[in-house]
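A.B. asks: Attaching a single structure in structure tokens format; questions to follow.
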Amino acid sequence: MQAEKLMEVQGQGFQVWSYACHSRFEEALRLWMPSVDIAPQRLHQAMRYSVLEGGKRVRPLLAFAAGELAEADPGRVNVVAAAVELIHAYSLVHDDMPCMDDDVLRRGKPTCHVEYDEATALLVGDSLQSLAFQLLAEHPLSDQPARQLQMIKLLAVASGSRGMAGGQAIDLDSVGKPLSLPQLEFMHIHKTGALIRAAVVLGAQCGAALSDAQLAQLDHYGKCIGLAFQVVDDVLDSEADTATLGKTAGKDAEQNKPTYVSLLGVMAAKKMAQELHQEAKDALADFGERARRLREMADFIVLRKF
Ligand code: GRG
């Protein structure tokens with residue numbers, strides 16, 4: 001359902017491409033998730049519940065788009081796309097728990113701890129994180145072992161205390177506090193941006209070697225689009241309804257959380273998203289037609305309505 005909604009936003013070429021990516025990705029992910037027939041069955045059931053059937057799959061699509069730019073083998077990109085999505089899914093399961101955001105709805109379904117229980121949700125997150133690194137370690141991602149190790153490290157740093165988990169720590173600490181714009185940006189570059197940035201760079205690293213300058217351009221694209229994603233998320237949280245989002249709308253204001261909307265107002269937040277969108281596309285200028293899918297993903301991230 002989410003995938004269909006995603007495809008409505010873009011033209012036909014993008015639709016065909018993203019549909020093909022989705023099909024390939026979902027099939028592989030289903031296979032890599034532990035079966036419900038294997039013990040511990042309830043944990044495996046809860047893991048599959050939290051990962052399969054739902055989510056826009058923005059991070060995997062970004063990895064595929066960057067992989068195309070580097071002419072990467074789609075089978076290899078599937079692995080990094082799955083690893084990034086598993087880390088993302090783990091972060092959502094933990095974020096929804098009562099000790100963090102305490103939410104009951106995610107991807108249009110009861111959150112993991114509501115459907116199962118808190119201890120199971122904790123273990124689901126832990127196990128998804130481990131599975132992500134297992135996939136990266138057991139599948140070939142590059143002809144050069146040193147590059148594969150570097151890729152594993154990149155995801156570890158992006159998801160750890162100097163990346164997503166660190167951003168989450170700042171977020172939890174900032175509730176009810178007046179953050180400045182640079183402080184808010186620092187938090188989101190880590191909490192949301194680090195994983196989005198990793199998806200782009202890892203997708204590209206599955207392919208032909210790029211120069212350091214080219215990798216820096218892709219990284220800058222990832223940084224801008226990651227921040228734009230968060231600004232749009234804040235706008236949607238203030239404007240869209242729960243049914244459209246598949247998660248509780250208006251949560252930020254209710255929890256008195258600093259957001260781009262609370263700091264800048266809706267109009268200035270939308271303008272900021274547009275500026276970041278442009279900066280992201282500018283970072284791709286040297287790649288020409290090879291960056292077409294990344295440009296389309298930037299459009300989708302900023303124009304999305306859910
Ligand atoms: C618990 C270590 C830890 C980290 C949690 C990412 C995160 C950090 C929490 C998620 C909370 C949140 C709503 C953040 C705003 C941006 C965001 C990541 C939204 C959810 O991502 P989408 O829209 O979700 O890509 P789907 O369901 O489409 O995959």
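The values are calculated or read from the model by the stated rules, or taken from the named source; none is laboratory data. Quantities reported herein were computed from a predicted structural model and do not represent experimental measurements. Neighbour counts run over all protein chains shown; Cβ positions are idealised from the backbone, glycine included.
A.B. asks: Tell me, yes or no, whether region 52-62 has at least one residue that is under 15 Å from the mean Cα position of the chain (by Cα), more than 12 Å from the ligand (Cβ to nearest atom) and under 15 Å from TRP17 (Cβ atoms).
C.D. replies: no
A.B. asks: Pick from region 118-139 the residues that are closer than 16 Å to CYS206 by Cβ and within 19 Å of the chain's Cα centre (by Cα): which of them is surrounded by the most Cβ atoms within 10 Å (Cβ to Cβ)? Reasoning before the result, please.
C.D. replies: From region 118-139, those closer than 16 Å to CYS206 by Cβ are 132, 135-139; that's our starting set.
Okay, now just the ones that are also within 19 Å of the chain's Cα centre (by Cα), so 132, 135-136.
Numbers: ALA132: 26, LEU135: 20, LEU136: 23.
Only one residue fits best here, namely ALA132.
A.B. asks: Continuing with this model, one more query. Counting just the residues of region 63-114 that are acidic (Asp, Glu) and within 19 Å of ALA137 (Cβ to Cβ), which one comes out nearest to the ligand (Cβ to nearest atom)? Outline the logic, then answer.
C.D. replies: Within region 63-114, the first condition is being acidic (Asp, Glu), and the residues that meet it are 68, 71, 73, 85, 95-96, 101-103.
Filter again for within 19 Å of ALA137 (Cβ to Cβ), leaving 73, 85.
Values: ASP73: 25, GLU85: 8 Å.
Selected residue: GLU85.
A.B. asks: Quick check: anything in region 95-111 part of a helix (DSSP H, G or I) and closer than 22 Å to ALA243 by Cα? I'd like the intermediate steps shown before the answer.
C.D. replies: From region 95-111, those part of a helix (DSSP H, G or I) are 95; that's our starting set.
Next, only the ones that are closer than 22 Å to ALA243 by Cα stay: 95.
Within region 95-111, one or more residues are part of a helix (DSSP H, G or I) and closer than 22 Å to ALA243 by Cα.
A.B. asks: Right, something else. Wholly within region 189-252, which helices (runs of 4 or more DSSP H) include no fewer than the required count, namely at least 2 residues that are under 12 Å from the mean Cα position of the chain (by Cα), at pLDDT 95 or above and crowded, with 17+ Cβ neighbours inside 10 Å? Write out each step before concluding.
C.D. replies: Numbers: elements: 194-205, 212-239, 242-245.
Correct list: 194-205, 212-239.
Every residue, every condition in (1) under 20 Å from LEU215 (Cα atoms); (2) in contact with a Phe, Trp or Tyr (Cβ under 8 Å, 6 or more places away or on another chain); (3) within 12 Å of the ligand (Cβ to nearest atom), yes or no:
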residue	(1), (2), (3)
HIS139	no, no, no
GLN148	yes, no, no
MET151	yes, no, no
GLY163	yes, no, yes
ALA169	no, no, yes
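A.B. asks: Moving on. So which residues in region 140-188 are part of a loop (DSSP other than H, G, I, E, B) and surrounded by 17 or more Cβ atoms within 10 Å (Cβ to Cβ)? I'd like the intermediate steps shown before the answer.
C.D. replies: Our first condition is that a residue be part of a loop (DSSP other than H, G, I, E, B); within region 140-188, this holds for 140-144, 160-163, 175-180.
Residues satisfying the conditions are LEU141, SER142, GLY163, LEU179.
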